[in-house]
Amino acid sequence: MSEHLPLHAVGVSRIYDGLAVVNDASLTLEPGKITALLGQSGAGKSTLLRLFAGLEPVDTGEIRLGDKTLSSNTTHLPAEGRSIGLIFQDFALFPHLNARDNVGFGLSQLGRAERRKRAAEWLERLGLSHRSRAYPHQLSGGEQQRVSIARALAANPVAILMDEPFSGLDVTLKKEVRDIALAAVSEAGIPALLVTHDASEAMRDADRIAVMRDGVILQEDTPETLYLKPTSLGVARALGPLQPVNREDLPTEWLGQLPEAETYCIRPEAIRFNASDGHPMEVISSRRTSTVIEVELKLNGHAVLHGADLGARRPAPGETVNVSLVPDFVFSLPPDPV
Amino acid sequence: MQQRVAPRLPSLRLSPAAMTTLVAALLIGAPVIAALTTGLIGGGGQAWTHIVSTQLAGYTLATLGVLALTTALVLLFAVPSAWFVSLFDFPGRSIFEWALILPLAAPGYVLAYAWADIMEVGGPLQSALRDITGLSARDYWFPSLYSIPGLSFVMACALYPYAYLTARAAFTNLSLCTMEAARSLGASPFRIFIRVALPAARPAIFAGLALALMETAADYGAASYLGVQTLSVGIFRAWHSFSEPAVAARLAFLLILIAFGLQLIERQARGRGTIQQTATRWRTPKRQTLGRRSGLIVTVGCTAILLLAFIFPVSRLVWISMETGIGQKAMWRPFFNSLTLAFAGSALAFLLAVTVVISSRQNRFSQIIGRLAAGAGYAAPGIVLALGALFILSWSGLSVAGPAALVFLVWIYASRFTAAGAEPLNAAFSRAPASLGNAARSLGANRFQRLVRVDLPVAMSGAAAASIILFVEMLKELPATLMLRPFNWDTLAVQAHAYASDERLAAATLPSLMITAAGLLPVILLSLQLTRAGESRAGG
Amino acid sequence: MSHTLLKISICAAAGLVAACSPSTPSSSKSASENSAEKAAIAPGSNGTLRVYSARHYDSDRLMYEAFEDQTGIRVLYREASANQLLETMKAEGESTPADLIIASDAGALWRFEDAGLTQALPEGEFEERIPERLLDDERQWVGLARRVRGIAYDPERISADQVDHWKDLSDPALEGEICVRSSTNIYNLSLMGEMIERWGQEEAQAWAEGVVNNMARQPQGGDTDQIEAVAAGLCGVAITNHYYWVRMAESSSAAASDAANSTELVFPDFGEGTSPHVNITGVALAGPSQNTDLALEFIEFLLSPEGQARLVTETKEIPVNPDAKRPQGLERIPQIGESNTRLSAFGEHQSQAQRTFDDAGWN
């Protein structure tokens, strides 16, 4: 199993009651890469994951591991025959088994001693060797999730699929668990899918991101490309806040930097304050969140422009500031295909 | 001859799961179906007209009266005690926690023998009363146990533990946050009990109560001993005094209707509000220590329940048994017979319950069929099932002599009690989130392996409870055993009944005490196991 | 005792339901069990007899064992109430395994006869040993032991001449004094049957009404409970079968024997020159049975002095064979002679008796 194969979804659809929950989706999970599947709830992410896992049959299209067809409308290899690891939001640890036996669950083909040894190794890798005798209800949430990742990886899967694996955790725990867990996943060198509704999580953790909406994969690329070169409004929205602005509302000195279009979508970080060559604008309100200052500016009399700044001084409402625009964060995109 | 091709029936596709349920359901339901069919097609004739015009209203009213009074008493015994035991600390709490379940080991008819003797005009209670007051037996009124309230009291004593168990589980599972929120809003403990805890625990309490009431409705031993003409006793009489099994089967139909009504009420209550199980674990609820006076009151209350339902009657039987001497009675054989039957019966019932519960999780058809069959079996008193079994025997031309009768009896036991096992199993299965099964699949476990390695162990606490309840109930079973046991094969229940109805209470005490003793160990196991499960769920 | 224990241990060792069921034709005749009982003729070597018995006495089991040891005929028994046995036999029909039916009260035996479940008894020596009255006219059953229905009264409240005829009980002088069990009980039905036979319907009806008027409480409990109620002072008169009183008087429980001894037992008659109500425990031959010879052998045994003694030691019934030893305790009660009422009358009037009670409001 040294040569890991990519996991493909080729034009798969899944229809419930005449409604395509997953609609002609194609996605390739490359070995050694974490692919994030990003979208809001109801976008069909989890269903696509279940199709990959074999928990549900496909209605059209194919799921393939390398050249081998796992699901099509004529064949269906059930989940238990796929060797694809799954990680759930609720951890899904077996309550009647301790941490070590949970990890050893998928190793039933091994002898007892060997199984325990392997389980212990995996627990150690995830920093849990001291908890191996603990039962799930005695473990913290973060520990439970690490056990579930150890359990999935110990079974030597051909791929691993994670369904909102960190959203059940405390904010403070999240980072630590995520770092340990994802390091282990990357190390395994297998295709990995991370289903999430959190854009920042997807961009930070994934090598590639597929944005999904209404059962359709809108775009799939590296986080950087997606953020800076979204091909649709939906993708741009999925990755960060945007505000639409009409061309005629923008100051004329900015228009030269921008391509010809009727409306633009502007991310908050496109706005820069206090540039010497900036356009003077009146501050309506300003508020410091932790890292950034969120500012509302009066634009062309009636419209409002949202911006974010890293500066040390918070402009007071009513103050006039000089504002410039970074065109990399301004998109002119066609409206969403419906 | 030209024949028109019959239009093809829409082929009903039966999955293996549905087939399995169908077979299980037939196994469970056949005796009831046989009895009811006979009731419907067999002419009742004069006896039926006679019973309808003279007895039916009386039977029905007596049964409903007993059910109503038993409900009140069961709630009185079970709910406050469960409330205090699960959420407060008071002297003796840790003992009451498990001891309050003990009456489950004593059959209702045994409590009836003992209490009838205690309350008798020549019994210890009235003798003491006369000695103290100097009154003669004609000078005062004394409540008679040979009455509807008397029977209700006895049945409540024997069966309140069902409601106590479910209520305790529900109170323990109440989220601490809910309780604390209520307290922070200024609610007194009494208000919390009435406004928060009781509504939340109501479905669970109803479930336990329904179980107790179905047993009450089906009871024959206690009612006949106390001479209360319930439907169950009426069924026996229709059969034995009027020699009309078909009439008996018709009366059974009425009893089954009442029992189904109870089930329906229970489902309704359950539908209205269930305690949501959250994924997060509970914190150990810190039990509030009661003040000295209220602590004392609660301790006295719990002690009183235990005295009434268990200690008084059982020690009375022990006393009689010691006073008259044990004699030459060969009790080991019936003891062994009782255990054998209960083991075999609960094994089969457990198997059927697992089949019904698991396949009912596969599809809707199985769910309905399984529920219906198990419910009907449980609702029907043992006598009806035995009747059905005899009808089946006479149709098939088989003889009940020999070991075949045992097989029959085990089958009837299973038919009768599968529902009692299926309920806790089902609850335990539903507690496991679906993601567990998916996780197991992703780790390569097939359907069978998932059942053995995940579903059953996860449901283990419920499964253990289920099988213990089955075992104890079968140990106590009387009417079907009475009718179907083979030659030379007496169980303790049969002997106790035979002696007691022969007015030889002293001889009946030994088998009665032995049933209780045999049931005590499993009941204590159940109690400890449930208590521990409660603690571990609350812990962490 | 060791005998029983050994059997149990064999059962436990085998651990199989079948091995423990003596009705299994072959497996129960295992070598080990035979050797355990080699002292006597191995039971079953001379055939098997199946008995439906409405009695529940440990002494019956010893009686069966004694018969097995003497004859090598295995006895298998099923004990249940008479009604239950009756209905079971009806359900079983021709395939019933029963050979013999033992039931208490002639009224109960009559029900088996009436349902066509019996056949005529074969002729045998037993007939010589018993009074003629105890053999049914149609030979459908024969009495094995006598039971007399009588009255236990409180001598401090009631004098003996107030209760020496059954008719006395309907006398208003006894108002609020009578304790009696429910009328559905066969003992009361048979008693009423004899009244109807002797007095006719109208007088019997008047008697029942008079008794209902004299009751101290609604009928409840069994005969023993009525004696206890007299002892406790709740009533002055209790209707009871003699053996309940004897058992109480003989009980090792001081409370029970004190209670019985504080009362007196009399056997009222049905008018001048008549006898008390003498009923029987009897045996009938099941209709479909082919084992007539074995059954006869068992009946002979039951009516022999040994069988009689075994039959009545624990029950305190009165043996029908005059040569048989009377059980301990019978010396406490008055001697009775034989009645001249046809035993089958009790059964024949049964439904009329129930209606009479119902009409009188005796529940």
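Listing for the model above:
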quantity: Residues satisfying the stated conditions in segment B:108-144, i.e. facing chain C (nearest Cβ under 9 Å), buried (at least 23 other Cβ atoms within 10 Å of the Cβ) and modelled with pLDDT of 90 or more; calculated: B:A116
quantity: Meets criteria (surrounded by fewer than 21 Cβ atoms within 10 Å (Cβ to Cβ), facing chain B (nearest Cβ under 10 Å) and farther than 28 Å from A:K174 by Cα) for A:S108; calculated: yes
quantity: Entirely in segment C:9-86, the helices (runs of 4 or more DSSP H) that have 2 or more residues that are facing chain B (nearest Cβ under 9 Å) and either at pLDDT 55 or above or buried (at least 22 other Cβ atoms within 10 Å of the Cβ) (or both); calculated: C:58-71
quantity: Close pairs (8 angstrom Cβ cut-off, 6 or more residues apart or separate chains): of a type in the set (S, T, Y) and outside any loop (DSSP other than H, G, I, E, B) in segment B:394-405, loosely packed, with under 15 Cβ neighbours inside 10 Å and at pLDDT 65 or above anywhere; calculated: B:S394/C:G93
quantity: Pair list, Cβ under 7 Å, 6 or more apart: segment B:276-297 residue more than 14 Å from chain A (Cβ to nearest Cβ), other residue assigned to a loop (DSSP other than H, G, I, E, B) and modelled with pLDDT of 75 or more; calculated: B:L290/B:F90; B:G295/B:F90; B:G295/B:P91
quantity: Some residue of segment B:38-47 being under 21 Å from B:A376 (Cα atoms), modelled with pLDDT of 85 or more and over 18 Å from the mean Cα position of the chain (by Cα); calculated: no
quantity: Of the criteria (1) more than 12 Å from chain B (Cβ to nearest Cβ); (2) in contact with a helix residue (DSSP H, G or I) (Cβ under 9 Å, 6 or more places away or on another chain); (3) over 29 Å from A:K33 (Cβ atoms), which one A:F166 fails; calculated: (3)
quantity: So B:R361, is it touching a residue at least 12 places away in the same chain (Cβ under 8 Å), basic (K, R) and within 10 Å of another protein chain (Cβ to nearest Cβ); calculated: no
quantity: Yes/no for B:I256 being over 25 Å from C:N185 (Cβ atoms), modelled with pLDDT of 85 or more, in contact with a Leu (Cβ under 8 Å, 6 or more places away or on another chain) and away from chain C (no Cβ under 14 Å); calculated: no
quantity: Filter pass, B:I392 being at pLDDT 80 or above and more than 21 Å from the chain's Cα centre (by Cα); calculated: yes
quantity: Scan of segment A:259-313 for residues that are assigned to a strand (DSSP E or B) and either of a type in the set (S, T, N, Q) or at positive phi (or both), ordered by number; calculated: A:T263, A:S285, A:S286
quantity: Total residues in segment B:203-244, condition surrounded by fewer than 24 Cβ atoms within 10 Å (Cβ to Cβ), within 18 Å of B:G261 (Cβ to Cβ) and touching a Gly at 6+ places or on another chain (Cβ under 9 Å); calculated: 2
quantity: Subset of segment B:80-100 that is surrounded by fewer than 24 Cβ atoms within 10 Å (Cβ to Cβ) and of a type in the set (A, V, I, L, M) - its residue that is farthest from B:I297 (Cα to Cα); calculated: B:A99
quantity: Subset of segment B:307-324 that is touching a helix residue (DSSP H, G or I) at 6+ places or on another chain (Cβ under 7 Å) and β-branched (V, I, T) - its residue that is farthest from the other protein chains (Cβ to nearest Cβ); calculated: B:V314
quantity: Segment A:58-82, residues that are farther than 25 Å from A:A188 by Cβ and free of Cβ contacts under 8 Å to residues at least 40 places away in the same chain; calculated: A:S72, A:N73, A:T74, A:T75, A:H76
quantity: Among the candidates C:I227, C:I178, residue that is out of contact with any Asp or Glu (no Cβ under 8 Å at 6 or more places or on another chain), more than 20 Å from B:Y113 (Cβ to Cβ) and within 14 Å of chain B (Cβ to nearest Cβ); calculated: C:I178
quantity: Of the criteria (1) within 13 Å of chain B (Cβ to nearest Cβ); (2) at pLDDT 90 or above; (3) more than 22 Å from B:A386 (Cα to Cα); (4) buried (at least 18 other Cβ atoms within 10 Å of the Cβ), which one C:G116 fails; calculated: (4)
quantity: Residue in segment B:372-383 that is surrounded by fewer than 24 Cβ atoms within 10 Å (Cβ to Cβ), in a helix (DSSP H, G or I) and at pLDDT 80 or above present; calculated: no
quantity: Helices (runs of 4 or more DSSP H) completely within segment C:235-344 that count 1 or more residues being more than 26 Å from C:A66 (Cβ to Cβ) and in contact with a Phe, Trp or Tyr (Cβ under 7 Å, 6 or more places away or on another chain); calculated: C:254-261
quantity: Restricting segment C:209-221 to residues that are out of contact with any Lys or Arg (no Cβ under 6 Å at 6 or more places or on another chain) and assigned to a loop (DSSP other than H, G, I, E, B), the residue that is nearest to the other protein chains (Cβ to nearest Cβ); calculated: C:Q220
quantity: Residue count for segment A:165-193, restricted to those that are farther than 22 Å from A:S140 by Cα and buried (at least 18 other Cβ atoms within 10 Å of the Cβ); calculated: 5
quantity: Among the candidates A:S285, A:S232, residue that is out of contact with any helix residue (DSSP H, G or I) (no Cβ under 6 Å at 6 or more places or on another chain), within 29 Å of A:A43 (Cβ to Cβ) and not hydrophobic (A, V, I, L, M, F, W, C); calculated: A:S232
quantity: Residue in segment B:407-428 that is within 14 Å of chain A (Cβ to nearest Cβ) and either at pLDDT below 80 or part of a helix (DSSP H, G or I) (or both) present; calculated: yes
quantity: Selection status of C:R326, within 17 Å of the chain's Cα centre (by Cα), more than 14 Å from every other protein chain (Cβ to nearest Cβ) and modelled with pLDDT under 95; calculated: yes
quantity: C:D154 vs. criteria touching a helix residue (DSSP H, G or I) at 6+ places or on another chain (Cβ under 9 Å), within 12 Å of chain B (Cβ to nearest Cβ), within 30 Å of C:G233 (Cβ to Cβ) and in contact (Cβ under 8 Å) with a residue 40 or more places away in the chain; calculated: yes
quantity: Only listed residue being free of Cβ contacts under 8 Å to residues at least 24 places away in the same chain and within 18 Å of the chain's Cα centre (by Cα), chosen from A:V185, A:V177, A:V171; calculated: A:V171
quantity: Qualifying positions in segment B:52-102 - touching a strand residue (DSSP E or B) at 6+ places or on another chain (Cβ under 9 Å) and in a helix (DSSP H, G or I); calculated: B:L87
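The rows are residues; the columns are (1) closer than 23 Å to B:L436 by Cα; (2) crowded, with 20+ Cβ neighbours inside 10 Å.
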{"residue": "A:E30", "(1), (2)": "no, no"}
{"residue": "A:A53", "(1), (2)": "yes, yes"}
{"residue": "A:D59", "(1), (2)": "no, no"}
{"residue": "A:R64", "(1), (2)": "no, no"}
{"residue": "A:S71", "(1), (2)": "yes, yes"}
{"residue": "A:A120", "(1), (2)": "yes, no"}
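The values are calculated or read from the model by the stated rules, or taken from the named source; none is laboratory data. Note that the structure is predicted; figures quoted are calculated from it, not measured. In this analysis, Cβ positions are derived from the backbone assuming ideal geometry, glycine residues included, and neighbour counts consider all displayed protein chains.
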